[in-house]
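So the structure is just underneath, and the comments pick up after that.
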Amino acid sequence: MIRSCFILESGSTEKKVFPFYQRLTIGRHSSNDITLADRMVSKRHAVVGRVKGRIVVKDLGSRNGTLVNGERVGKAVLTSGDRLKIGSAVLRFFKEDERGKGDLDGSSTTSRGVQKLGEYLIEAGIVDEFTLLRVLGEEEKSQTIDQMLLDTGVLDDLNIAKSLARQLKIPFLRLKDIEIPQEVYSLVPVGVAKTHLLLPIKVSEGKLLVAMANPLDSDAIQAVRLVTRMKIEVAVAPRQDLLETFVRIYPVEFLDQVLQGAPDDDEVTIEL
């Protein structure tokens, strides 16, 4: 699901890796997706978004400017490895390579992306080489970018879910305190729910609210639309919340496999 991210190489902030999905703002104010507590940074300093298949950064009229690889820019296309300097902070951009002609299933491309992201994380001092080698050497786990970031402790699924909700401007739900009526969760066959890691939450005004680990999974949304014949509204929930709720409401015999979310193959074009 994570195909791009920013890695903080310098500056003062608690978070070190910031997933990028479709639109992300950077600035000093806490309402930004990346908040930089630096007086050299404007309250709303820059925005990053997808424009016609490319990742573009745009300065929002900041006082001290936005630099890409040492050059001040008004707007610039980002490529993997570029360094974005805002105030005293340096954010290195990572983007997984597009699927090559020889990679029919994308597995080779994903593996190369994991290796390259690992190199960036080591350079930034976020993980050490021993930790990375241990994680990548665990053969029973698939080498995906999401899994590597989770296994190294750089991110957790709660932060991933919050980032998705913020950037996509959709509701973020914690499911532990939500009681889902049987007549609601039974609207979606357990096989569909398990395959796509999602749960119907409530029906309101003829629309079904569905909590998903990957709200960018258009195939999952279409599958729910087909089986329910209802309009679908999407929210994002942490993967662990969904798994725990599955155990609570579905028979145990349906939960004998580890649930895997669908990859993010969708791209949303926005205007900056």
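Need the full-extension length gain, residue 39 to residue 182, defined as separation in residues times 0.36 nm minus the C-alpha distance. One decimal, nm.
Gain on extension, residue 39 to residue 182, equals 46.3 nm.
Please give me, ordered by residue number, the trypsin sites (Lys or Arg not before Pro) of the range 180-252 that lie in loop per DSSP and have at most 15 other Cβ atoms within 10 Å.
229
Keeping all protein chains in position, work out how much accessible area residue 40 exposes to a 1.4 Å probe, and write it in Å² to the nearest 10.
Only protein atoms counted, so the area is about 90 Å².
Calculate the spin-label point distance for residue 227 paired with residue 69, positioning each point 7 Å from the Cα along the beta-carbon direction, and give it in nanometres.
According to this spin-label approximation, the distance is 4.7 nm.
To the nearest 0.05, how large is the calculated FRET efficiency for residue 190 and residue 159 if R₀ is 35 Å and r is the Cβ-Cβ distance?
E between residue 190 and residue 159, to the nearest 0.05, is 0.80.
Go ahead and run the numbers for FRET between residue 112 and residue 133, Cβ-Cβ distance against an R0 of 22 Å, rounding to 0.05.
With a Förster radius of 22 Å, E is 0.85.
Assuming 0.36 nm per residue, please report the length gained on full extension of the stretch residue 205 to residue 123 beyond their Cα-Cα distance.
So the extension gain works out to 24.4 nm.
Using a 1.4 angstrom probe, figure out how much accessible area the range 116-224 has per residue, in square angstrom, rounded to the nearest whole.
49 Å²
Are there any GluC sites (Glu not before Pro) in the range 162-248 that are in a DSSP loop and have at most 15 other Cβ atoms within 10 Å? List them by number.
Qualifying residues, ordered by number: 179, 205.
The values are calculated or read from the model by the stated rules, or taken from the named source; none is laboratory data. This one's a predicted model, so the numbers in the text were calculated from it and none came from an experiment. We place every Cβ from the backbone using ideal geometry, glycine too, and count neighbours over all the protein chains shown. Note: accessible area is taken over every heavy atom of the protein model, side chains too, but ligands, DNA and RNA are not part of it. Shrake-Rupley method; radii C 1.70, N 1.55, O 1.52, S 1.80 Å.
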